[in-house]
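Remarks on the structure that follows.
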Amino acid sequence: NPTCHFNLGNFLRDTRRFAEAEASYRRAIELDAGQLQAMNNLAETLVDLGRLDEAVAGYDKALALRPGYAGAHNNRGIALRELGRFDEAVASFDKALSLAPDYAEAAHNKSLTLLLVGDLESGWPLYQWRKRTSAPVGDRKFARPLLTGIDDFEDKIVLVHWEQGFGDTLQFCRYVPLLQRAGATVLFAAQPRLRRLLRSLAGAFELVDLD
């Protein structure tokens, strides 16, 4: 039963038993050559195993059967990015988005690739899609509008809040003094474990709890 082998592969991959998952997916495909999802998941497992060239070839096989498979185009782009083939990766993400314009994961992955190669002007706007993926990042809701420009800060209170890891906070905290010098009153909600360090940051701002 190819579906049982496919489901077993999913369980094994979820529990990080990647070599066994590979064998289950291959058995599902052997029993049913049209198992597109098994082909896709097999290629994802090959990425987990670090066999990136094989993964790209696997996605190509799935796409030969269904060229309109947006998920495989997106996943193929991830493997190409890991291989350092950035232009091809962006092309794969673009293909996924042409098939599914609201495909948040593909837009987010494209943004990460553009940022990785230094195309900040194109990458940062697309990075907003991280808030719409199946596992959204930084999608906190506040009863105040999101800041989208820096035209006029005079007499405004701006809340700057942490979103992901310590590294991101340390990288971007340098913008807090810039906001303050532009005329804003800044409330800076950083991770508690970083507050002692961030008190040494130049500028007049208030460290607060996010809640």
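Here are some notes:
- Carbon/sulfur fraction of accessible area - the stretch 94-176, other protein chains in place, 1.4 Å, %: 56 percent
- Where only DSSP H runs of four or more residues are counted, the chain gives -17000 deg cm²/dmol as its mean residue ellipticity at 222 nm, each run worth -39500 (n - 2.57).
- Based on alpha carbons, the Rg and Dmax found for the chain are 21.9, 68 Å.
- Placed amide H near Leu207: partners under 5 Å, 5+ positions off or other chain: Phe188
- In plain terms, the C-alpha convex hull of the stretch 37-136 casts an average shadow of 5.8 nm² when viewed from every direction.
- DSSP bridge orientation in the stretch 85-211 - percent antiparallel, rounded to nearest 5: 0 percent
- In order along the stretch 186-197, the phi-based Karplus estimate (6.51 cos²θ - 1.76 cosθ + 1.60, θ = phi - 60°) of 3J(HN,Hα) comes to 10, 9, 10, 9, 9, 4, x, 6, 9, 5, 4, 5 Hz; Gly and Pro are listed as x.
- Long-range HN-HN contacts of His161 with modeled amide H, under 5 Å: Ala189
- Translational diffusion coefficient (Stokes-Einstein; Kirkwood radius from C-alpha pairs) of the stretch 1-72 at 10 °C, 1.306 mPa s, in µm²/s: 136 µm²/s
- Taking 0.36 nm per residue of separation and subtracting the Cα-Cα distance, full extension of the segment from Val137 to Leu31 would add 34.3 nm.
- Whole-angstrom gap from the stretch 23-44 to the stretch 88-129, using each part's C-alpha centre: 27 Å
- Among the lysines of the chain, pairs that are 8 or more positions apart or on different chains and have alpha carbons within less than 26 Å of each other number 9.
- Between the alpha-carbon centres of the stretch 1-18 and the stretch 141-167 there is a gap of 44 Å.
- Once the 1.4 Å probe is applied to the protein heavy atoms, the stretch 1-106 comes out at 49 Å² accessible per residue.
The values are calculated or read from the model by the stated rules, or taken from the named source; none is laboratory data. Remember, it's a predicted structure, so these values are computed and weren't measured experimentally. Just so you know, the surface numbers come from the protein's heavy atoms only, side chains and all, with ligands and any DNA or RNA stripped out. Shrake-Rupley method; radii C 1.70, N 1.55, O 1.52, S 1.80 Å.
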